[in-house]
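Computed from the coordinates by the stated procedures, all read-outs in this text should not be read as laboratory data. Because the structure is predicted, anything quoted here is derived from the model rather than measured. Cβ placement follows ideal geometry from the backbone for every residue including glycine, while neighbour counts extend to all protein chains displayed.
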Amino acid sequence: MKYKLIFIIPAVIWSALIFIFSNQSQPPFFDLGFQWNDKLLHMLAYFAYGLTLIFFLFGSFENLKIKNAIIYLLIFGAIFGITDEIHQSLIPGRDAEVFDWIADCIGISLSLSLLTPLNKFITKLKFNFINNSN
């Protein structure tokens, strides 16, 4: 069961990256030249974060039902987004914004569009790990 660590590593790394960028007064964002540029970046970051959470959930838990995975993903993603906004409010030059949190939640929700194909991929990956370890 040591292979299960592989499934949590992307979520831990992505969580750390979000924390590191949130901890900066002037994070190096890409300016795409429109007003809500930062909201799009929040959405993309949390879309990727949602993918890492899907990888973790299906890789770590046996017989996880899709419905439960969706609930866990949405709740954990929303809570992490709130704590990220609170963290940002403590950093000089940064503030917490409800619209950033909404963009985070949209990103997490959009990651659900890849839930089924990722689940199939993870199932095959786990099967390979188990069969190659014997």
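Computed values, structure above
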{"item": "Radius 14 Å from Cβ of LEU115, net charge of other residues (Lys, Arg +1; Asp, Glu -1)", "result": "+3"}
{"item": "Quotient of Cα Rg and 2.2 N^0.38 Å for segment 42-124, N being how many residues it contains", "result": "1.17"}
{"item": "Residue-averaged [θ]222 nm for the chain, counting only DSSP H segments that reach four residues, each worth -39500 (n - 2.57)", "result": "-25500 deg cm²/dmol"}
{"item": "Of the trypsin sites (Lys or Arg not before Pro) in segment 16-104, those whose Cβ has at most 10 other Cβ within 10 Å and which sit in DSSP loop", "result": "LYS65"}
{"item": "Relative contact order of the chain, defined on C-alpha pairs under 8 angstrom at six or more residues apart (%)", "result": "35"}
{"item": "Cβ charges +1 (Lys, Arg) and -1 (Asp, Glu), total dipole of segment 33-134, debye", "result": "660"}
{"item": "Low-density loop cleavage sites - GluC sites (Glu not before Pro) in segment 55-134, where at most 16 other Cβ are within 10 Å (DSSP)", "result": "GLU62, GLU97"}
{"item": "Given LYS2/LYS39; LYS39/LYS65; LYS65/LYS126, the pairs whose alpha carbons are separated by over 27 Å", "result": "LYS2/LYS39; LYS39/LYS65"}
